[in-house]
Every structure is written in C-alpha cells, then in structure tokens.
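What follows is a short report on a single structure.
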Amino acid sequence: MSKEIVLSGIRATGNLHLGNYFGALSKFVRMQGDYDSMFFIADLHALTTATDPDLLHANVKNIIAEYLAAGLDPEKATIFVQSDVPEISEMYLLLNMHVGIGELMRTASFKDKARKQLGIKSEGDDIEKEIIGNDSNKRVSAGLLTYPTLMAVDILIQKANKVPVGKDQEQHLELTRRFARRFNSFYGVDLFPEPTNFDFGGAPVKVPGLDGSGKMGKSEGNCIYLIDDEKTLRKKVMRAVTDEGPKTPNQPVSQPVENLFTLLQLTSAPEIVQQYRDAYADCSIRYGDLKKQLAEDILKITLPIRERILDLRNDDATIARIVKQGAEKARERAAKTLAEVRHIMGIRPFA
Ligand code: ADP
Ligand code: TRP
C-alpha cells in the first residue's frame, strides 16, 4: 500500500522560533520517515507581506538551513522551495476561478493583516469600505486576499492527506477542504483528497510568548529563536514577565506564570515540571530558579541546532543540491496534477 502524503510549509519571513519549532518543525522531523513527506519554504506566501528582495532571498536560505539543522533529512523527506515549482503558480490561477472574493474577505488572517496595513485598530466591519477606498500606498494586495487559494494549491497539487500545522492555520485548512470538495463536485471528479491537520494524538500546541501574552510570534517581538546565542537566550528568559509570586497555598496561576510552566513542560522532564508546580502550590517557588532551569533546558535543545544552522548557512553547495533534488520530486507530482486539472477544466491540446 502506498504511504499517505504529508505536506507542510513555513513562510520565509524570518528566523524560526520555539513556536515554529514545537508547533510545526519538530512534528515534521518526527513524522518524516513514516509518511511520503514533503516540506517546503513558502516564499511566494512571504511576498504577500514582505517586499525586500534581498531579505526574502536570505530568509529562504535561512529556513532551509534551519529545517536541516533541526533534523529534516533529504533522504527521508522532499525539501523544496515553493517558487521552484511553477506548476503551483499556474494552478493558483486556475483554482482562483472557483474561489469567491467574499469567502476570502471573511478569512480571519486576511482581515487581521489588512487591518494592520490600513492602520485600523477596531474589530468593526468597516474594513471592506476601507479596502475598496484605498488604492495608493495603503492598498491591500490581491495577493494577500488570495493567500488561502495559494495555500490550498500547495496542498492539493501534491494531493496531500495530512498537513501538520499549528492551531492558527485551521481556517486555511478548512478552506482547502471546501475548495477540494467544490472542484470535485463541480466537475464530477474525484481528484482531490480532503486534507486534515496532524498531531500526535494531543491537541495542537500553542507556544506562549515571554511577555505574558498568549502566543509566541515573529510579529509580536516575544520570541526565542533557534539561532539565539546562549547569552541572548538566557537574558530573554530571565526577563520574562512574571508576577509578585503566590501568597496563599494553591492560589490560581496567572497567565504570564502559566506561560513559563507551559514552556517548561515542552522542554523539561516531567519530574522537574512537577517540582516547580509543587513549589508554586506551597508558595516556596522562586521565579529566578524556575527561569534558570527553563533557560538551561531550552539551551539543551536549541544550542546543538544553532551550531548546525551556522555551519549550513555557509554551505551554499549543500543547500543548492538539496533544494534542486527536492524541486525535481515536487515538480513531478505537481505536473501530473496540473495536467489533470487542465484537462478537467477544458484546457486541452488539439493534436
Ligand atoms: P509566525 O506566527 O511567527 O509568523 P508562521 O505563521 O510562519 O509563524 O508559522 C509557521 C508554522 O509555525 C505554522 O504551522 C504555525 O501554526 C506554527 N506556529 C507559529 N507560532 C506558533 C506558536 N506560538 N505555537 C504553535 N505553533 C506556532
Ligand atoms: N500559511 C502557512 C503559515 O502561515 C504556511 C503555508 C503555506 C502552508 N502553504 C502551506 C502550511 C501549505 C501548510 C501547507 O504558517
């Protein structure tokens, strides 16, 4: 029996942080040998928000180095760059014919990003008017609007069954399933499987930030990066937001402190987590000790990865070889699906 196809990607918008690592990359590494795996760098998606060409190119290289350094193995998984597969761009045009502007405008990620670009703070729905009215330097691009079409194509063109992503990507995955169903039923075919998220049994993780907020994210400025050096990392952890400490036994834990426990749970042994939970419950906890422990345990994971990133970043030949090999494999399957889609839609040769 052929293996199920797993596919996922990360946008080339900067260095990878612990959120990307625990939410996505570490899952890729764990599953790569058990599935027909494909992992890519979404550089076309990065173009929907980033505009500096040199930075984009550097970010793509960075993420390839980070993928490899974290343990992705080109012998086990196909590793490729999205723009190296031009079939994706053509199918994006074709699929867009079956996607509604309305459903794209209602997507949460679009509304968030459009609001940010337009400088709108309120959650009110006057956003459509603003979008239609702005055509100069504040314009919201058609590329940003059609982000979910492009993501659906990444997945459908490889006929992927499983897509390991964090919780924030669930809506995009839901749209992908909807587009797949719509295409299949419109043309009366059974071309695309409906992909589902993937995690190892538990709920998808949400890695919290160090600033007491709910989510670690590139744009939030609250990240620990895989590439952080020892000193930087310790400093960030020691500065993490806490509170004045528990005053009564078994007092409820505040959000910033719960965040530190969540990070500890991801990086430390269960006995250690329990030891600090107990210390919190009996009010003997010292946040300074908890932070030292946390920094130590994060460093055990990230430092070896950092070393490998630094080596790989300078190894252009290895990077070029790996993405070339990955693009060949990704294109082979993509070309087959695109040929089917063209035929189904009526784009057919005369001879
Ligand atoms: P960011 O939010 O920092 O811009 P991306 O949107 O590029 O990161 O996310 C790449 C992958 O990492 C996605 O699968 C996303 O769900 C996951 N991810 C990002 N941040 C977190 C987080 N704090 N916790 C869990 N997963 C995350
Ligand atoms: N939208 C995803 C993110 O922001 C990145 C992405 C693009 C992706 N295409 C994909 C993820 C296809 C999984 C499958 O993280």
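Only DSSP H runs of four or more residues enter the estimate; each adds -39500 (n - 2.57), and after division by the residues of the chain the mean residue ellipticity at 222 nm equals -16500 deg cm²/dmol.
Rounded to the nearest Hz, the phi-derived 3J(HN,Hα) couplings of the range 205-212 under the Karplus curve 6.51 cos²θ - 1.76 cosθ + 1.60 (θ = phi - 60°) are 7, 10, 7, x, x, 8, 9, x, where x marks glycine and proline. In the chain, the DSSP beta bridges split such that about 5 percent are antiparallel, to the nearest 5. Taking loop as defined by DSSP and a crowding limit of 13 other beta carbons within 10 Å, which trypsin sites (Lys or Arg not before Pro) in the range 266-351 fit? Sites meeting the loop and neighbour criteria: Arg286.
In order along the range 10-23, phi translates into HN-Hα couplings of 10, 5, 8, 10, x, 5, 7, 10, 4, x, 4, 5, 6, x Hz, rounded to whole numbers, per the Karplus curve 6.51 cos²θ - 1.76 cosθ + 1.60 with θ = phi - 60° and x for Gly and Pro.
Taking every alpha-carbon pair under 8 Å whose residues sit at least 6 apart, the chain reaches a relative contact order of 23 percent. Rg/Rh for the range 244-300 stands at 0.94; both radii use Cα atoms, and Rh follows the Kirkwood definition.
Rounded if a/c is under 1.5, else prolate if a/b beats b/c, else oblate: with a ≥ b ≥ c from the C-alpha gyration tensor eigenvalues square-rooted, which is the range 1-149? Judged from the Cα gyration tensor, the range 1-149 comes out prolate (a/c at least 1.5, a/b above b/c).
Taking Leu150, Leu18, Leu93 in turn, the Gaussian network model of the chain (Cα-Cα springs below 10 Å) assigns the largest fluctuation to Leu93.
Scan the range 117-226 for GluC sites (Glu not before Pro) in coil per DSSP, keeping those whose Cβ has at most 12 other Cβ atoms within 10 Å, and list them by number.
Glu123
Each residue of the range 311-318 was assigned a 3J(HN,Hα) from its phi angle through the Karplus curve 6.51 cos²θ - 1.76 cosθ + 1.60 (θ = phi - 60°); the sequence is 5, 5, 4, 8, 9, 4, 5, 5 Hz, with glycine and proline shown as x.
Given their separation in residues at 0.36 nm each and the Cα-Cα distance between them, Ala339 and Thr51 gain 100.5 nm when the chain is fully extended. Evaluated at q = 0.07, 0.10, 0.11 Å⁻¹, the base-10 log of the normalised Debye intensity for the chain, with identical point scatterers placed on the Cα atoms, takes the values -0.35, -0.69, -0.82.
Over every Cα atom in the range 82-219, the radius of gyration and the widest Cα-Cα span, Dmax, amount to 16.8, 51 Å. In terms of its C-alpha gyration tensor, the range 252-351 comes out oblate, because a/c is 1.5 or above while a/b does not outweigh b/c. A Förster distance of 25 Å, applied to the separation of the beta-carbon atoms of Ser2 and Phe350, puts the FRET efficiency at 0.15. Computed over the chain with a Gaussian network model linking Cα atoms closer than 10 Å, the most mobile of Phe198, Phe39, Phe28 is Phe198.
Of the trypsin sites (Lys or Arg not before Pro) found in the range 1-55, the ones in coil according to DSSP and having at most 11 other Cβ atoms within 10 Å of their Cβ are Lys3. Scanning residues 5 or more positions from Asn197 or on other chains, those with amide H under 5 Å from its amide H are Val163, with H placed 1.01 Å from N in the peptide plane.
The numbers here are math on the coordinates, done by the rules we state, and not lab data. What you see is a predicted model; the values in this text were computed from it and never measured. Ideal geometry is used to build each Cβ from the backbone, glycine not excepted, and the neighbour counts take in all protein chains shown.
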